[in-house]
Amino acid sequence: MGSINLVGVSKSFGDVLVIPSVDLEVNEGEFVVFVGPSGSGKSTLLRLIAGLEEVSKGRIEFNGQDMTNLAPAKRGLAMVFQSYALYPHMSVRENIGFPLKMASMPKSEIAAKVQEAAKILNLSEYLERKPRQLSGGQRQRVAIGRAIVRQPKAFLFDEPLSNLDAALRINMRLEIMELHQQLKTTMIYVTHDQVEAMTMADKIVVLDHGNIEQVGSPLDLYRAPDNLFVAGFIGAPRMNFLDGGEASRYNATTIGVRPEHVQISKSSGLWTGKVGVSEHLGSDTFLHVNVEGQQAPLTVRTDGEVQLNYGETIYLSPEEDKIHKFDNNGKAIR
Amino acid sequence: MKLRVLSDYPAIVVLLIWMLGPLIATIYYSLIRYNLLNPRIKGFAGIENYEFLLTDFVFTDSIYNSIQLLGSIIGITVVLGLLISYLLDQDLYGGRLLQLVIISPFFVMPTVSALIWKNLLMHPVNGYFTYLLGLFGLPPIDWFADIPLGSIIIIVSWNWLPFAVLVFITAQQSMSLEIKEASKMDGAGHLAFFFQIYLPHLGKAIGAVVMIQMIFHLNIFAEIFTTTTGGPGTQTTNLAFLVYRKALLDFDIGGASAGGIISIVFANIVAIFLLRMIAKNMNSD
Amino acid sequence: MKSNRVLLSILGWVIGFIIFFPILWMVMASLKTEIDAVATPPSFFFTPTLENYFVVQNRSNYLNYAWNSIVISVFATLLAILIAVPASYSFAFRPTKRTKFKLVWILSTKMMPPVGVLIPMYLFYKNMGLLDTHLGLILIYTLMNLPIVIWVLYTYFKDIPQEILEAAQMECDGLLKIFLYILLPLSKSAIFSTSLLSIVLIWNESFWSLNLTAFEAAPLTAFISSYSSPEGLFWAKLSAASTLAILPIMFLGWVTQKQMVKGLTLGAVK
């Protein structure tokens, strides 16, 4: 029981309109990721759903019921914050049990639920500690534990991994995905990191300037971005864009081709260029190639073992069926 | 909205009453003839009280004394405060304890500091200073007769030097270690560092110390009350003491109120600058 | 470098000794007999006696004045905290466009020189029978310290991360619960140290206490000044009384030095 429906939701702070109008459906049990650059309104949208901000216009429905004006605590949602927002004066046990205490659950029941959550999250040994005695990853787990015990209708995550170091982030990412598989509860997850979005989401919502640019599964967005913004935002390294003569050859204002969809050759190809800096990752090598007639260098993914020298002339050919075409409004031509 | 009525309104309302009530009353009293001893003196006085006050030599003396007190105390505390806080910043042995020792005078109540200075240190016969002077073969100084205002300046400066030190220490803590290290790499010695980096960094703090002391020291009272009671003559009568004397010794309410209004005007001129600085600081949060 | 540090340390401690000397000398005098206290040359070595401390209490009812100081500073502080907590809370967590203006205005009331409003307050207190009463001083000190207390609490509240309160909002139904379970426990120490600051400031205040009290409600500041009259010229006893009056508060002052800066500079220095 956790479908969420936004109908014509808009939000302004004073005179500043941050979210013009958003319609969105989140289905029961789905893992939805809001992704976009900072200032795209993704966090605001999440906070509107949580009830931490008041909706200026429009409706928010849970399971078809209007919840627009309900107090945050009454919405039955749990939120995990960027800074974890653990209560510093409470032990781990008290932190996790706090929402249950607020719901006036009997003490014995609270204890049992806290035990259970702690076991799932490997926190059993730390129950008596204060948040400041925990590592970043452990704090994150406590925050998640506090969310789990409420058995919420949906989980809201506001950039929960951005304060962790790289290795731990990948770990926690997997743990959250595992959790979703076990609980099958609706989750809405906000991030600016498109890798997190691609790896975790059932459905990605790409936002920019408070507008939804595209909604779809990770692969949908990768294969068929609706516009230049989504094309540039999803995929790493970024898609290469070419305009001018190269684009008009395809009857488009701009064409885009992903680094992994360009072939290189030392003898012949569609475009001629000089090798710039190259990044060797071992598994792959990313070459930055200065193509004649293009201002920005093109990024090309090649085999990890390729050895090319700085300044060497090479030839590039895009895979024709993987070229994305855009009109002069930046919309995809299909 | 309901919440706000229950939260910040009580504070604002009581402060509004506290500020406006006495202010309006003081203005009113300053415009009437009012003497507690002589009920026959009454009626609207217009600017008579002010005229009388402004032409009174005691008043001009008191203004002069007030300015001398303010200027000297602020000068002494700021200069010594800067030097001492710079010294305390140098990672001394027992530095934290030393800091406590140095700020201690700030917590001595003004009446106590006035009396221990007057009796134990500055007494022309048995005072410790007299003994010290004697060691060098110098004649004793009758501090409160020979340099009465200077003595009060010394006492209040001793009381308030720790305040300047405390503020400067707080301000210098916001200077990053990296800046200090960078300046050392650039070859800055103590003197260059003090003038080129330390002083500019503390600019704001110095401004605050000056303005806050201006407002507080307008009310120097207890030190005068317990040592010289304004004398000899009018030599240590400042504005605050004059108002007290007019009101509670001469019972001339009208004249005292006029003096009060003048001190309010002066404080407000300073307060405008100080408040502007505070408001600016809030914006940078 | 090392010898440099030693030299600077010696310099620092010499300065510290000079600054602290009046206090030290006073404490020493309080332990002398009256004859030793006025001895020339001054005696550094003497047989300490606690006699003065007993005499001070017997002769002048010292405890009475100390009790006045305690009652006045504690109750004025409690009252100020009670008014200030909700105000600071709303300034910190429910800021509006006018919050900044209100805060600055509240501070501006602190800049009114007491001497400017002495006359009406004196006359008003006289008419209301508040002269020389605990209540009279408590009211004045509450109002006098309110801006500082609001300001210091506000800066503390602002340091509580917004996200913690939002988390509480997601979990607690109603403001009262958030206040009781989250905010109050989190700001306990802030409220406590702000209270200490307020007590220190009131304890040492000597403009209003000298002008508005005589005997009944006179706190220690006024009591000490009675030693300035010639009949009270007993230096050792004066020193004993002074030591008793300042030592406890000096200790509180050491503990609250950070709040002191915050409170007295009214946020102009961070």
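What follows is calculated from the coordinates using simple rules that are stated; it is not laboratory data. Every value quoted in this text rests on a predicted model; they were computed, and no experiment measured them. Cβ coordinates were reconstructed from backbone atoms using ideal geometry, including for glycine residues, and neighbour counts include every protein chain displayed.
Before moving on, here are some points about what is shown:
- Averaged over C:123-133, number of beta-carbon atoms from partner chains that fall within 10 Å: 1
- With the charge dipole of segment A:87-181 set up from +1 on Lys and Arg Cβ and -1 on Asp and Glu Cβ about the Cα centre, the Cα lying farthest toward the positive end among the listed residues A:V92, A:L168, A:V142 is that of A:V92.
- Placing +1 on the Cβ of every Lys and Arg and -1 on the Cβ of every Asp and Glu, with nothing else charged, gives segment C:20-135 a dipole about its Cα centre of roughly 1060 debye.
- Among B:G137, B:L115, B:I74 - extreme Cα towards positive end, dipole of segment B:1-159, charges at beta-carbon: B:L115
- Ranked by how many other beta carbons lie within 10 Å on average, peptides A:301-309, C:112-120, A:316-324 from highest: C:112-120, A:316-324, A:301-309
- When only the Cβ of Lys, Arg, Asp and Glu is charged (+1, +1, -1, -1), the dipole of chain C relative to its Cα centre reaches about 920 debye.
- Protection-proxy order for peptides B:255-264, B:33-42, each taking the mean of Cβ atoms within 10 Å per residue, highest first: B:255-264, B:33-42
- Alpha-carbon Rg/Rh ratio, for the protein assembly as shown, with Rh computed the Kirkwood way: 1.10
- Charge-dipole axis of segment B:170-285 as Lys and Arg at +1 and Asp and Glu at -1 on Cβ define it, positive-most pick from B:I264, B:L249, B:V210: B:I264
- Counting Cβ atoms of other protein chains within 10 Å of each Cβ in B:94-106 and taking the mean gives 6.
- Cα point-scatterer Debye curve for segment C:111-246, base-10 log of I(q)/I(0) at q = 0.21 Å⁻¹: -1.20
- Relative to the longest principal axis of the Cα atoms of chain C, the long axis of helix C:162-171 makes an angle of roughly 60 degrees.
- Averaged over peptide C:149-157, the number of partner chain Cβ atoms lying within 10 Å of each residue's Cβ comes to 1.
- Computed packing ranks the peptides B:165-177, B:187-199 as B:165-177, B:187-199, most packed first, by mean other Cβ atoms within 10 Å.
- Nearby lysines by direct alpha-carbon distance to A:K153 (threshold 27 angstrom, same-chain neighbours under 8 apart not counted): A:K11, A:K42, A:K57, A:K74, A:K101, A:K107, A:K113, A:K119, A:K184, A:K203, C:K177
- Paramagnetic reach from A:L219 (point 7 Å along Cα→Cβ, amide N under 14 Å) across segment A:305-332: none
- Cross-link partners of C:K32 among lysines, defined as those whose alpha carbon lies under 21 angstrom from its own and excluding same-chain residues fewer than eight positions apart: B:K118, C:K237.
- All lysines inside 20 Å of C:K126 as judged from Cα atoms, apart from same-chain residues fewer than 8 positions distant: B:K42, B:K246
- Using a simple spin-label model with pseudo-atoms 7 Å out from Cα toward Cβ, B:F136 and A:V277 lie 6.8 nm apart.
- Membrane-span-like helices in chain B, defined here as complete DSSP H runs extending at least 15 Å along the helix axis by their C-alpha atoms with mean Kyte-Doolittle hydropathy no lower than -0.5, are B:2-30, B:57-88, B:148-173, B:203-217, B:253-283; this is a sequence and geometry rule, not a statement about a membrane.
- Cα gyration tensor shape of segment B:1-151, rounded if a/c is under 1.5, else prolate or oblate by comparing a/b with b/c: oblate
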